[in-house]
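The values are calculated or read from the model by the stated rules, or taken from the named source; none is laboratory data. This structure is a prediction, so every number in the text was calculated from the model and none was measured. Glycine gets a Cβ as well: all are built from the backbone with ideal geometry, and neighbour counts include every protein chain shown. SASA here: full protein model, heavy atoms, side chains in, ligands and nucleic acids out. Shrake-Rupley method; radii C 1.70, N 1.55, O 1.52, S 1.80 Å.
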Amino acid sequence: HHLGCAALKAAGVTSGTDSYLYRRFRALGLIAIGRTNTPEFGSTITTEPVAYGPSRNPWNLDHSTGGSSGGSAAAVAAGIVPIGHANDGGGSIRIPSSFCGLFGIKAHFGRVPIFPAAATPTLAHVGPLARTVRDAMNKLRDQVQLLADGTTSQRNSLRAHLRNAVRVASHRIY
């Protein structure tokens, strides 16, 4: 998968590994039916990557799905899947869910651990997109349980990572 980036697609660059969360979902027997569209590197609030073209809002094909999780939101809103996965570092759960008439949950830091899902500190949150509040809450609960298997909370992991980074630079954070 090329993360929606035309340059990566042209160069034939793909990821060699799956995310920690996806590996956990797969181990439970969940089946991914495909990958959805995202903008280049998840960097914009619309889902219109050069590599694959824009995602279309199933409620009105002339309208945007929002971004950066617009492909996932379109698949849920169209009824292709009952729930979808999204990441949010600047609106990427909230914008697509509002554009596509869905419920999206961006939980507070520490609610859904991201480490070891991310190798570096991040502002991004993982969260669900669904057609009902109940489905969204169930997926959020499942994500928390899947990712909290002995790992620390996202806040503690981020704090520890920053401490280690600063120690390398011969400083100390209290």
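Of the residues that sit in segment 92-123 and are within 21 Å of ASP62 (Cα to Cα) and among the small types (Gly, Ala, Ser), which one is modelled with the lowest pLDDT? Show your work before the answer.
We begin by selecting, within segment 92-123, every residue within 21 Å of ASP62 (Cα to Cα); these are 92-102.
Narrowing further to those that are among the small types (Gly, Ala, Ser): 92, 97-98, 101.
On the way: SER92: 91, SER97: 96, SER98: 96, GLY101: 96.
Per the criteria, the residue is SER92.
How many of the residues making up segment 49-69 are surrounded by fewer than 18 Cβ atoms within 10 Å (Cβ to Cβ), modelled with pLDDT under 90 and of a type outside the set (Gly, Ala, Ser)?
Of the residues in that region, 1 qualify.
Being open to solvent by 20 Å² or more (accessible area, probe 1.4 Å), of a type in the set (D, E, K, R) and modelled with pLDDT under 65 is the requirement here; does ARG167 meet it? Break it down stepwise before answering.
Details: open to solvent by 20 Å² or more (accessible area, probe 1.4 Å): yes; of a type in the set (D, E, K, R): yes; modelled with pLDDT under 65: yes.
Judged against the criteria, ARG167 is a match.
What number of residues within segment 81-106 are surrounded by 24 or more Cβ atoms within 10 Å (Cβ to Cβ) and hydroxyl-bearing (Ser, Thr, Tyr)?
Residues flagged as surrounded by 24 or more Cβ atoms within 10 Å (Cβ to Cβ) and hydroxyl-bearing (Ser, Thr, Tyr) within segment 81-106 amount to 2.
What number goes with the only condition from (1) in contact with a Gly (Cβ under 7 Å, 6 or more places away or on another chain); (2) closer than 26 Å to LEU123 by Cα; (3) open to solvent by 90 Å² or more (accessible area, probe 1.4 Å) that PRO39 does not pass?
(3)
Under 24 Å from LYS139 (Cα atoms), open to solvent by 60 Å² or more (accessible area, probe 1.4 Å) and touching a residue at least 60 places away in the same chain (Cβ under 8 Å): which single residue out of LEU21, LEU28 fits that description? Don't jump to the end; show me each part of the working.
Values: LEU21 fails: open to solvent by 60 Å² or more (accessible area, probe 1.4 Å).
Criteria check complete, one pass: LEU28.
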